[in-house]
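Below is one structure; the comments refer to it alone.
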Amino acid sequence: MTKAIRFEKTGGSDVLQYVDVDLPPPGPGQVRVRNTAIGVNFIDTYQRTGLYKLPLPSGLGSEAAGIVEAVGEGVSRFKPGDRVGYASGFVGAYAQAANVPTARLMKLPEGISDEIAAAAMLKGMTAQYLLRRIHPVQAGETIVFHAAAGGVGQIAVQWAKHLGATIIGTTTSPSKVEQCKANGCAHVLNTHDAGWEKKVREITGGAGVPVVYDSIGKDTFLAGLDCLRPRGIMVTYGNASGPVDPFSPALLAQKGSLFVTRPILGHYTSTPEELQQTADDLFAVLASGAVKVAINHRYALKDAAKAQDELVANRTTGATILIP
């Protein structure tokens, strides 16, 4: 038996149950991981509410670090005692232990603690594909990054500054402005202020930016398009304010032959090799000290509902983790 968070219907955080579950031996191609630290992410809330569909009843959570306890048939890449992490392509991390497909497992290097790994893998690998592959950020560029004080934002802003970019960060909380600046934002705008997108034009001398990274969705998407220079790219990778409303592709032509992409981490880590390479790039920038991860909130596994409530209410900064 192991303790885990389960839910039988979608809804508010009150649907989450802390229960005993039977965990069978790992099957072929699986590894049993004894979780030591578990990441809390917005995607978990999307799955709980039903915005992202899961077959019910279900576990929850996609990110954790821990120790391999047992391996299933055919597993050769991992052995008991290995330190590992996982951050996408698996649901059920909100648990003391889980059987995880080896295709979604990463080896953790020395110097990266379990807590840092659990706090950084999903957010940091998201930052990696945003900054290094969708639009490879170049020195001298000015970019817009929404939710600069959030989990992904704190990592991405530091990383973008390390790459030589000037970052226009956004927040909806005046109390987080200094945090955004400390992360590396040269400018901080409040997207609750009318006309914030015009400020982006002013900052860039009317030119606009080559890329907007938007995890907010509904409330910022259209204004974000007005921040882009011709042939700029809108990267909408989250729905913190709700999904983006339908729009005509003709709008992209009117605003400068713009591009829009709606990526997910799984499509950028689709093979074990690509997953490990993405993680290794993240681990390297963490080890260099150029990017630091602030774990500002820790909750017991049984308090997962409270952790999610704080996240959704925008009362968190940096990373939140659960301790089994």
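A few remarks follow.
- Members of segment 189-214 that are in contact with a Lys or Arg (Cβ under 6 Å, 6 or more places away or on another chain) and among the aliphatic types (A, V, I, L, M): 189, 207
- Single residue of segment 219-242 satisfying the filter (free of Cβ contacts under 8 Å to residues at least 60 places away in the same chain and of a type in the set (S, T, N, Q)) that is nearest to residue 123 (Cα to Cα): 236
- Filtering segment 200-218 to residues that are more than 11 Å from residue 142 (Cβ to Cβ), without any contact (Cβ under 8 Å) to a residue 12 or more places away in the chain and either touching a strand residue (DSSP E or B) at 6+ places or on another chain (Cβ under 7 Å) or not charged (D, E, K, R) (or both) leaves only 206.
- Just one of the listed residues (167, 203) is surrounded by fewer than 24 Cβ atoms within 10 Å (Cβ to Cβ) and at pLDDT 95 or above, namely 203.
- Annotation: of all residues in segment 219-240 being out of contact with any helix residue (DSSP H, G or I) (no Cβ under 9 Å at 6 or more places or on another chain) and either among the aromatic types (Phe, Trp, Tyr) or more than 22 Å from residue 129 (Cα to Cα) (or both), the one that is surrounded by the most Cβ atoms within 10 Å (Cβ to Cβ) is 221.
- So residue 125, is it farther than 15 Å from residue 180 by Cα and assigned to a strand (DSSP E or B): no
- Across segment 249-275, the qualifying residues are those that are polar (S, T, N, Q) and out of contact with any helix residue (DSSP H, G or I) (no Cβ under 9 Å at 6 or more places or on another chain), and the one among them that is nearest to residue 232 (Cα to Cα) is 257.
- Residues located in segment 254-275, provided they are out of contact with any strand residue (DSSP E or B) (no Cβ under 6 Å at 6 or more places or on another chain) and in a loop (DSSP other than H, G, I, E, B): 255, 263, 264, 269, 270, 271
- Cβ-Cβ distances below 6 Å connect the following pairs, each with a first residue in segment 155-172 that is closer than 15 Å to residue 224 by Cβ, a second residue that is aromatic (Phe, Trp, Tyr) and modelled with pLDDT of 95 or more, and a separation of six or more residues or different chains: 167/145; 169/145.
- Residue match in segment 62-82 (condition: under 15 Å from the mean Cα position of the chain (by Cα), part of a loop (DSSP other than H, G, I, E, B) and either surrounded by 16 or more Cβ atoms within 10 Å (Cβ to Cβ) or in contact (Cβ under 8 Å) with a residue 40 or more places away in the chain (or both)): yes
- Among the residues listed as 158, 154, the single one being touching a helix residue (DSSP H, G or I) at 6+ places or on another chain (Cβ under 7 Å), modelled with pLDDT under 95, closer than 12 Å to residue 180 by Cβ and outside any loop (DSSP other than H, G, I, E, B): 154
- Flag if residue 92 is touching a Gly at 6+ places or on another chain (Cβ under 8 Å), part of a loop (DSSP other than H, G, I, E, B), crowded, with 18+ Cβ neighbours inside 10 Å and in the same structural domain as residue 287 (by TED's automatic domain parsing): yes
The values are calculated or read from the model by the stated rules, or taken from the named source; none is laboratory data. Remember, predicted model here, so these are calculated numbers, not experimental data. For neighbour counting, all protein chains shown are included, and Cβ atoms are generated from backbone atoms with ideal geometry for every residue, glycine included.
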